[in-house]
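The values are calculated or read from the model by the stated rules, or taken from the named source; none is laboratory data. For clarity, every value in this text was computed on a predicted model and none was experimentally measured. Positions of Cβ are generated from backbone atoms using ideal geometry, with glycine treated the same way; all protein chains shown enter the neighbour counts. These area figures cover heavy atoms from the full protein model, side chains too; ligands, DNA and RNA do not enter into them. Shrake-Rupley method; radii C 1.70, N 1.55, O 1.52, S 1.80 Å.
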Amino acid sequence: QVQVVESGGGLVQAGGSLRLSCAASGTISSINAMGWYRQAPGKQRELVATITSGGSTNYADSVKGRFTISRDSAKNTVYLQMNSLKPEDTAVYYCAVSARRLPGLRPEDYWGQGTQVTVSS
């Protein structure tokens, strides 16, 4: 099994910063990509940022220039540095990991339980 655990959420004022962390553990042969998604009340879950094993990144237009995703491959950990936060960034942030548990198996997606980020105006 693969476990995904997020941390670092909280309450911050608009214009402030937070850093989210996500660690994957368990039976992992390789990780293809890691990413962050978010879901605000009454809205669908949406992509925030992803990073591949090769280091390629992708961001939602709404967070470009404010958020930075990075990873520590040795620790199977991904980070999301969030700067210039806005009230509309308020959501539950979920970490997703695309990983192979054993060589030769197709990759599967694993999700964390989510961490709340609240930005006050």
Practice task
Please verify whether segment 54-62 includes one or more residues that are of a type in the set (Val, Ile, Thr) and in contact with a helix residue (DSSP H, G or I) (Cβ under 8 Å, 6 or more places away or on another chain).
Solution key: no
Exercise for the section: State whether the residues of segment 6-29 include one that is in contact (Cβ under 8 Å) with a residue 40 or more places away in the chain, β-branched (Val, Ile, Thr) and under 19 Å from Pro107 (Cβ atoms). Expected result: yes
Practice task
Check whether at least one residue in segment 78-94 is surrounded by 12 or more Cβ atoms within 10 Å (Cβ to Cβ), in contact with a strand residue (DSSP E or B) (Cβ under 9 Å, 6 or more places away or on another chain), small (Gly, Ala, Ser) and over 23 Å from Ser121 (Cα atoms), and report yes or no.
Solution key: no
Exercise for the section: State all residues of segment 20-34 that are among the aliphatic types (A, V, I, L, M) and in a loop (DSSP other than H, G, I, E, B); if no residue qualifies, say none. Expected result: Ile28
Handout entry: Residue ID - nearest to Thr50 (Cα to Cα), chosen from residues in segment 95-117 that are hydrophobic (A, V, I, L, M, F, W, C) and open to solvent by 10 Å² or more (accessible area, probe 1.4 Å)
Key = Ala96
Practice task
Would you be able to say whether some residue in segment 58-69 is touching a strand residue (DSSP E or B) at 6+ places or on another chain (Cβ under 9 Å), at pLDDT below 95 and either open to solvent by 60 Å² or more (accessible area, probe 1.4 Å) or of a type in the set (A, V, I, L, M) (or both)?
Solution key: no
Problem - Residues of segment 57-85 that turn out to be of a type in the set (D, E, K, R), in a strand (DSSP E or B) and touching a residue at least 24 places away in the same chain (Cβ under 8 Å), as a count - result: 1
Exercise for the section: Answer yes or no as to whether Arg45 is closer than 15 Å to Gln116 by Cα, under 10 Å from the mean Cα position of the chain (by Cα), surrounded by 14 or more Cβ atoms within 10 Å (Cβ to Cβ) and of a type in the set (Lys, Arg). Expected result: no
Exercise for the section: Please tell me if Gly54 is surrounded by 13 or more Cβ atoms within 10 Å (Cβ to Cβ), of a type in the set (Gly, Ala, Ser) and in a loop (DSSP other than H, G, I, E, B). Expected result: no
Practice task
Check Ala23 against each of (1) open to solvent by 20 Å² or more (accessible area, probe 1.4 Å); (2) within 14 Å of Gln116 (Cα to Cα); (3) of a type in the set (A, V, I, L, M, F, W, C) and name the one condition it does not meet.
Solution key: (2)
Practice task
Would you be able to tell me the number of residues in segment 4-19 that are in a strand (DSSP E or B) and either farther than 16 Å from Ala96 by Cα or open to solvent by 30 Å² or more (accessible area, probe 1.4 Å) (or both)?
Solution key: 8
